[in-house]
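Report on one structure; see the data block that follows.
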Amino acid sequence: MSSNGSKSAQVRAKLNHPIIDTDGHTVELTPVFFDYIKDVGGAGMIERYKKAVGGRANNRWAELTDEERRYSRATCPPWWARPAKNTLDRATASLPSLLYQRMDELGMDFAVLYPTFGLTEPPRIEEEEVRRAACRALNTFHMDIYGPYADRMTPVAVIPVHTPQEGIEELEYAVEKQGFKAAVISHVQRPVPKMLQEHPEVAHQMPYIDLLALDSEYDYDPFWAKCVELEVAVTTHATGQGWGSRRSVSNYMFNHIGHFGAAGEALCKALFFGGVTRRFPNLNFAFLEGGVHWACGVFSDIVGHWKKRNAKAIHSLDPQSLDGALMHRLINDHGNDKMKGKADEIVKWITQPQRRPMNLDDWSACRAEKLEDLRDLFIPNFYYGCEADDPMVAWAFNSKVNPMGVKFKAMMSSDIGHWDVTDMNEVVEEAHELVEDGLITQEDFRDYTFTNAAMLYAGMNPNFFKGTVCEGAVAKLQQGAPQNRAQAVSA
């Protein structure tokens, strides 16, 4: 590997393994993209697309006064979110040949590339015809310009999933007709049926989040099955801006911090509690750009909650399991006069039947009978994209802290092309600071920058890296890879 002297290139030169970037970003050239919209949907589709995207409340934010923003509670959206002064990096995010030329300089061997506006705009359009045309046009555009550089990079296909059938059809087209190997999906915002029926004029301003795996409008198992059949890992790079407290009308940073993690956490929990990882044990999922610290916390909470509220333990919380006679005696022995005077009433109040769901087992879809089942349903399936300057990556590899000594599958995701990467040349260098600062080992770094990313994709599609500069290294890795779920966990 050649080096131009960048510190990232110097880091790479000392390694005996490739570096895979799992989340580089393209910055779409909109005028060119519009040509593809026209090719897919006809001349009128461009205006239909503009109207669909421009009509969203957040996209109108810039046109509103401060008073209007507060009146409508319009969430402050991203602004100045691309490199500008660093013109070389800005151009690199849009010109495949330039990125290809700079890969050695960046210290990277291979990159999986995600769109920018393509992550949130095309797949969220409400009108199906426009939504599907926009996604297909975007995918065609990216495959056309990045396809010739397949030995060192691959774009992901944006798959709309408003219904399982839509997702299946677009995934089949992307893989079988366009040649994609990787794909990205997101949750779906839907109007609450009650609001849509009784107050249709405001229903779309108060959506709920359909996470496709738990309490969904549809059964998405056919879509998950299609992903397995086509050997495509499911990745998500969803936004949580505008959710809950992330709705400041004036401060983008307030809305931005933690939002990728919030979106990843929501889908992750839905997949787990919805039993998707049990029904599809060989389907890999990746949550991009949110880091891994939230996943460490979620799994720790799952373990702690399961211990206290599993199918057997839950019965100890049944109010009617209370020993009324003992409670009565304790009140008489330790209560004040007012308490003693109402002892019978208090016991009756505590032991009265309380509201409860028909199914007492919140873990029923998981069918977990022991702690190791929780581990086996969570750890092998999930991968996490972490930015290079995120020190919390160290938590993923701290088996002394994590329940049952597990390690989480953190992956380096550069986010090149966006505002938080001020210099593309510094990404790998920043990632390696985790080793230099003693937070992770060199072996952990290998997993972080190569092994986990390789197995996310090659674990489902053995030919994913065929014809790439990583082919030999991945093939060698696969020879020693665990052959079953139990081995994968213990490893």
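The values are calculated or read from the model by the stated rules, or taken from the named source; none is laboratory data. Values in this document were obtained by computation on a predicted structure and should not be read as measured data. Counting neighbours? That spans all protein chains shown, and the Cβs are built from the backbone with ideal geometry, glycine included.
Quick one: which strands (runs of 3 or more DSSP E) lie wholly within segment 186-298 and hold at least 3 residues that are touching a Lys or Arg at 6+ places or on another chain (Cβ under 8 Å)? It would help to see each step written out before you state the result.
Numbers: elements: 188-191, 207-210, 234-236, 285-287.
Answer list for segment 186-298: 207-210.
Taking the condition among the aliphatic types (A, V, I, L, M) and under 22 Å from the mean Cα position of the chain (by Cα), does Met153 pass?
Details: among the aliphatic types (A, V, I, L, M): yes; under 22 Å from the mean Cα position of the chain (by Cα): yes.
Criteria met by Met153.
Any residue at all in segment 91-109 that is touching a helix residue (DSSP H, G or I) at 6+ places or on another chain (Cβ under 7 Å), under 28 Å from Pro160 (Cβ atoms) and modelled with pLDDT under 95?
No, segment 91-109 contains no residue that is touching a helix residue (DSSP H, G or I) at 6+ places or on another chain (Cβ under 7 Å), under 28 Å from Pro160 (Cβ atoms) and modelled with pLDDT under 95.
In the set Leu113, Leu98, which member is in contact (Cβ under 8 Å) with a residue 12 or more places away in the chain and either more than 18 Å from His237 (Cα to Cα) or touching an Asp or Glu at 6+ places or on another chain (Cβ under 9 Å) (or both)?
Answer to the selection: Leu113.
With in contact (Cβ under 8 Å) with a residue 24 or more places away in the chain and more than 26 Å from Lys38 (Cβ to Cβ) as the only criterion, which of Leu211, Leu196 stands out? Can you show your working first?
Working: Leu196 fails: in contact (Cβ under 8 Å) with a residue 24 or more places away in the chain.
Among Leu211, Leu196, only Leu211 is in contact (Cβ under 8 Å) with a residue 24 or more places away in the chain and more than 26 Å from Lys38 (Cβ to Cβ).
Can you run down the residue pairs with Cβ atoms below 8 Å, 6 or more apart or on separate chains, where the first is in segment 36-54 and over 13 Å from Arg132 (Cβ atoms) and touching a residue at least 24 places away in the same chain (Cβ under 8 Å) and the partner is among the hydroxyl-bearing types (Ser, Thr, Tyr) and surrounded by 12 or more Cβ atoms within 10 Å (Cβ to Cβ)?
Tyr36/Thr140; Asp39/Thr140
Looking only at helices (runs of 4 or more DSSP H) that fall completely inside segment 338-453, which ones have 2 or more residues that are at negative phi and under 23 Å from the mean Cα position of the chain (by Cα)?
On the way: elements: 343-351, 371-378, 393-396, 427-436, 442-446.
Once the helices (runs of 4 or more DSSP H) in segment 338-453 are filtered for at least 2 residues that are at negative phi and under 23 Å from the mean Cα position of the chain (by Cα), what remains is 371-378, 393-396, 427-436, 442-446.
Among the residues of segment 179-226, write down those that are surrounded by fewer than 17 Cβ atoms within 10 Å (Cβ to Cβ), of a type in the set (A, V, I, L, M, F, W, C) and out of contact with any strand residue (DSSP E or B) (no Cβ under 8 Å at 6 or more places or on another chain).
Within segment 179-226, Leu196, Val202, Ala225 qualify.
Given the residues Thr87, Thr92, which is the only one that is among the hydroxyl-bearing types (Ser, Thr, Tyr), out of contact with any Gly (no Cβ under 6 Å at 6 or more places or on another chain) and over 24 Å from Ile19 (Cα atoms)?
Thr87
Lys181 passes all but one of (1) at pLDDT below 95; (2) among the basic types (Lys, Arg); (3) not in a helix (DSSP H, G or I); which number fails?
With respect to (1) at pLDDT below 95; (2) among the basic types (Lys, Arg); (3) not in a helix (DSSP H, G or I), Lys181 is out only on (1).
Could we say that Gly147 is assigned by TED's automatic domain parsing to the domain that holds Phe287 and without any contact (Cβ under 8 Å) to a residue 40 or more places away in the chain here?
On the way: assigned by TED's automatic domain parsing to the domain that holds Phe287: yes; without any contact (Cβ under 8 Å) to a residue 40 or more places away in the chain: yes.
Judged against the criteria, Gly147 is a match.
Looking at Asp420, Asp373, Asp361 in this structure, which one is assigned by TED's automatic domain parsing to the domain that holds Leu267 and either within 13 Å of Tyr448 (Cα to Cα) or modelled with pLDDT under 95 (or both)? It would help to see each step written out before you state the result.
Details: Asp373 fails: either within 13 Å of Tyr448 (Cα to Cα) or modelled with pLDDT under 95 (or both); Asp361 fails: assigned by TED's automatic domain parsing to the domain that holds Leu267.
Of the residues listed, the single one that is assigned by TED's automatic domain parsing to the domain that holds Leu267 and either within 13 Å of Tyr448 (Cα to Cα) or modelled with pLDDT under 95 (or both) is Asp420.
Given the criteria at pLDDT below 95 and assigned by TED's automatic domain parsing to the domain that holds Tyr457, does Thr75 qualify? Before the answer, list the steps.
Working: at pLDDT below 95: yes; assigned by TED's automatic domain parsing to the domain that holds Tyr457: yes.
It is true that Thr75 is at pLDDT below 95 and assigned by TED's automatic domain parsing to the domain that holds Tyr457.
Kindly indicate which of His305, His328 is touching a residue at least 12 places away in the same chain (Cβ under 8 Å) and not in a loop (DSSP other than H, G, I, E, B).
On the way: His305 fails: touching a residue at least 12 places away in the same chain (Cβ under 8 Å).
Sole residue among the options that is touching a residue at least 12 places away in the same chain (Cβ under 8 Å) and not in a loop (DSSP other than H, G, I, E, B): His328.
Across segment 76-101, what is the total count of residues that are touching a Pro at 6+ places or on another chain (Cβ under 8 Å) and charged (D, E, K, R)? Don't jump to the end; show me each part of the working.
Initial filter on segment 76-101 (touching a Pro at 6+ places or on another chain (Cβ under 8 Å)): 89-90, 93, 96.
Now restrict to residues that are charged (D, E, K, R): 89-90.
The number of residues fulfilling the criteria is 2.
Restricting to segment 295-307, name every residue that is surrounded by fewer than 20 Cβ atoms within 10 Å (Cβ to Cβ) and among the hydrophobic types (A, V, I, L, M, F, W, C). Don't jump to the end; show me each part of the working.
Within segment 295-307, the first condition is being surrounded by fewer than 20 Cβ atoms within 10 Å (Cβ to Cβ), and the residues that meet it are 297-298, 300-301, 303-307.
Matches in segment 295-307: Val298, Val303, Trp306.
Please find, among Glu121, Glu176, Glu129, Glu169, the residue that is under 23 Å from the mean Cα position of the chain (by Cα) and surrounded by fewer than 17 Cβ atoms within 10 Å (Cβ to Cβ). I'd like the intermediate steps shown before the answer.
Numbers: Glu121 fails: surrounded by fewer than 17 Cβ atoms within 10 Å (Cβ to Cβ); Glu176 fails: under 23 Å from the mean Cα position of the chain (by Cα); Glu129 fails: under 23 Å from the mean Cα position of the chain (by Cα).
Matching residue, one of Glu121, Glu176, Glu129, Glu169: Glu169.
Go through the residues of segment 9-16 one by one and say whether even a single one is under 30 Å from Met206 (Cα atoms) and either of a type in the set (Phe, Trp, Tyr) or in a helix (DSSP H, G or I) (or both). Show your work before the answer.
In the first step, residues of segment 9-16 are kept if they are under 30 Å from Met206 (Cα atoms); the result is none.
Looking for residues that are under 30 Å from Met206 (Cα atoms) and either of a type in the set (Phe, Trp, Tyr) or in a helix (DSSP H, G or I) (or both), one finds none in segment 9-16, hence no.
What's the number of the condition Ala111 fails, among (1) among the small types (Gly, Ala, Ser); (2) over 26 Å from Asn255 (Cα atoms); (3) within 25 Å of the chain's Cα centre (by Cα); (4) surrounded by fewer than 19 Cβ atoms within 10 Å (Cβ to Cβ)?
(4)
Can Lys194 be described as touching a Gly at 6+ places or on another chain (Cβ under 9 Å) and either among the hydrophobic types (A, V, I, L, M, F, W, C) or over 30 Å from Ala62 (Cα atoms) (or both)?
Values: touching a Gly at 6+ places or on another chain (Cβ under 9 Å): no; either among the hydrophobic types (A, V, I, L, M, F, W, C) or over 30 Å from Ala62 (Cα atoms) (or both): yes.
Spelling it out, it is not the case that Lys194 is touching a Gly at 6+ places or on another chain (Cβ under 9 Å) and either among the hydrophobic types (A, V, I, L, M, F, W, C) or over 30 Å from Ala62 (Cα atoms) (or both).
I'm checking my understanding of the structure. Among residues of segment 376-399 that are of a type in the set (A, V, I, L, M) and at pLDDT 95 or above, which one is farthest from Ala213 (Cα to Cα)?
Ala394
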